[in-house]
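What follows is calculated from the coordinates using simple rules that are stated; it is not laboratory data. Because the structure is a prediction, the values reported are computed rather than measured. Positions of Cβ are generated from backbone atoms using ideal geometry, with glycine treated the same way; all protein chains shown enter the neighbour counts.
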């Protein structure tokens, strides 16, 4: 490349696989055609989209997941006295992927949708929402917060299932901050001229790691997101970013193979052990909560310095949403008014690495963010990681999201695939 030529990079497409969301007829037809012709997504999921014009999965209410269960009172009794007064902690609904069709046919214990299938669907949606030829995508960056297997990670499988024959594949992990981290990396690679079109994919399929007997299980749901980073017009896209890590808090939130906390068993029966999300070290988690506002506002302020703009120049903020209070605490610490903020905790809960991009996507879809707006995309992540990136929103991104809006119709449910 000519080193004197500056390349600007940013999002040209952004989409989200949010289970049970209805699609417009036009986008549903386009997506189904792409899935059939180009991907290895199981046919049952494609048929569900084709017949019902919606994404496979369901909406889970507090009553369905906990309140109507025979063990509900035992669960409430297990909570601290403070949490018993508000056991759902601001969550009202969360989304759930369907059961994997192959495991329904061949296993007496079927499991939820494979994370790589959720990621394939999100990636297909991002491609179908763009004008980018799949053959021109030269890199896939992916973070599977719950991978199909511990080794190898999903990224090459995503590339294969999407039929991206000219793309390399890198796995990136900064836990819940991974989507923002991948955005920084993708923009850097495109601006340097090393890559031209980078597909970013991230997922959190909580249904695989949720112990319903924990106090925080009500907060978490399923989702997958994808975006394409490409060259954008001068003055748009990436402006600045900053990241920081506190590795001393690495043992706060972990995956642990264990039995559910609320379990009565007999010696001859199974112990129902599996990998669960676990709040491992209470002291570390108190430190994370105590420093949450400072840590995230610090990386935001550093990215503002690098962009040489003030917080008043920012038009909107899109953040992670680990608990109901976090988003607004971060907003206040950064110094932005409530009208420059949107969060979706009540209907999605904590969707981890997907939260910040979903809030960005919905904000554009709702016309809260418009072209030319300067937006902060920021997240924390267990480990403990913090990152902020400032982007100037392109007309292409706004147009690609607005023309592929979700339908406002109520979802229907395919009972065969629901868990």
Can you pull the Rg over Rh of the range 293-346, Cα-only, Kirkwood? 0.96
Using the eigenvalues of the Cα gyration tensor, what equivalent ellipsoid semi-axes result for the range 255-407 when each is taken as the square root of five times the eigenvalue, whole Å, largest first? 35, 20, 12
Over what distance in Å are the Cα centres of the range 1-58 and the range 227-248 separated? 23
As computed over the range 6-143, the Cα convex hull volume per residue (Å³): 184
In whole angstrom, note down how far apart the Cα centers of the range 149-185 and the range 320-375 are. 24
Quick note, the range 61-138: a/c under 1.5 would make it rounded; otherwise a/b > b/c is prolate and the rest oblate (a ≥ b ≥ c, C-alpha gyration tensor); here it is oblate
If you take all C-alpha pairs in the range 245-305, what percent of them are over 14 Å apart? 68
Sort 176, 354 so the one with the fewest other Cβ atoms within 10 Å of its own Cβ comes first. 176, 354
Three-way shape label, the range 84-189, alpha-carbon gyration tensor, a/c 1.5: oblate
By average Cβ neighbour count within 10 Å, what is the ranking of 400-410, 116-126, 32-42 from highest down? 116-126, 32-42, 400-410
Please sort 63-70, 143-150, 132-139 by packing, taking for each peptide the average over its residues of neighbouring beta carbons within 10 angstrom, highest first. 143-150, 132-139, 63-70
Can you work out the base-10 log of I(q)/I(0) for the range 127-250 at q = 0.12, 0.19, 0.20 1/Å, using the Debye formula on its C-alpha atoms alone? -0.51, -1.11, -1.19
Helical contribution to [θ] at 222 nm, DSSP H n ≥ 4, -39,500 (n - 2.57), averaged over the chain, rounded to 500: -9500 deg cm²/dmol
Using 0.36 nm per residue, how much length does the chain from residue 274 to residue 309 gain when fully extended, once their Cα-Cα distance is taken away? 7.8 nm
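Please arrange 394, 47 by how many other C-beta atoms lie within 10 Å of their C-beta, fewest to most.
Values: 394 21, 47 17.
Sorted ascending by nearby Cβ count, the order is 47, 394.
Share of antiparallel DSSP beta bridges in the chain, in percent to the nearest 5?
75
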Subtract the Cα-Cα distance of residue 61 and residue 104 from 0.36 nm times their separation in residues, and report this length gain in nm to one decimal. 13.1 nm
Work out the FRET efficiency for residue 212 and residue 36 from their Cβ-Cβ distance, taking R0 = 41 Å, and round it to the nearest 0.05. 0.70
Just order 370-378, 300-308 by mean Cβ neighbour count inside 10 Å, highest at the front, would you? 370-378, 300-308
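Seen from all sides and averaged, what is the projected area of the convex hull of the Cα atoms in the range 222-328, in nm²?
On the way: hull surface 43.1 nm².
Computed as one quarter of the Cα hull surface, the answer is 10.8 nm².
Could you calculate, for the range 98-145, the ratio of the Cα radius of gyration to the Kirkwood radius, expressed as Rg to Rh?
1.13
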Just to be sure I understand: if I project the alpha-carbon convex hull of the range 350-405 onto a plane and average over all orientations, what area do I get in nm²? 4.0
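List the relative contact order of the range 1-66 as a percent without decimals, with contacts defined as Cα pairs under 8 Å and 6+ residues apart.
Computed over the range 1-66, the figure is 38 percent.
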Between residue 78 and residue 332, what FRET efficiency comes out of the Förster formula 1/(1 + (r/R0)^6) with R0 = 30 Å and r the beta carbon distance, rounded to 0.05? 0.35
Could you tell me which of rounded, prolate or oblate describes the range 1-64, using a ≥ b ≥ c as the square roots of the eigenvalues of the alpha-carbon gyration tensor, with rounded for a/c under 1.5 and, failing that, prolate when a/b is larger than b/c and oblate otherwise? prolate
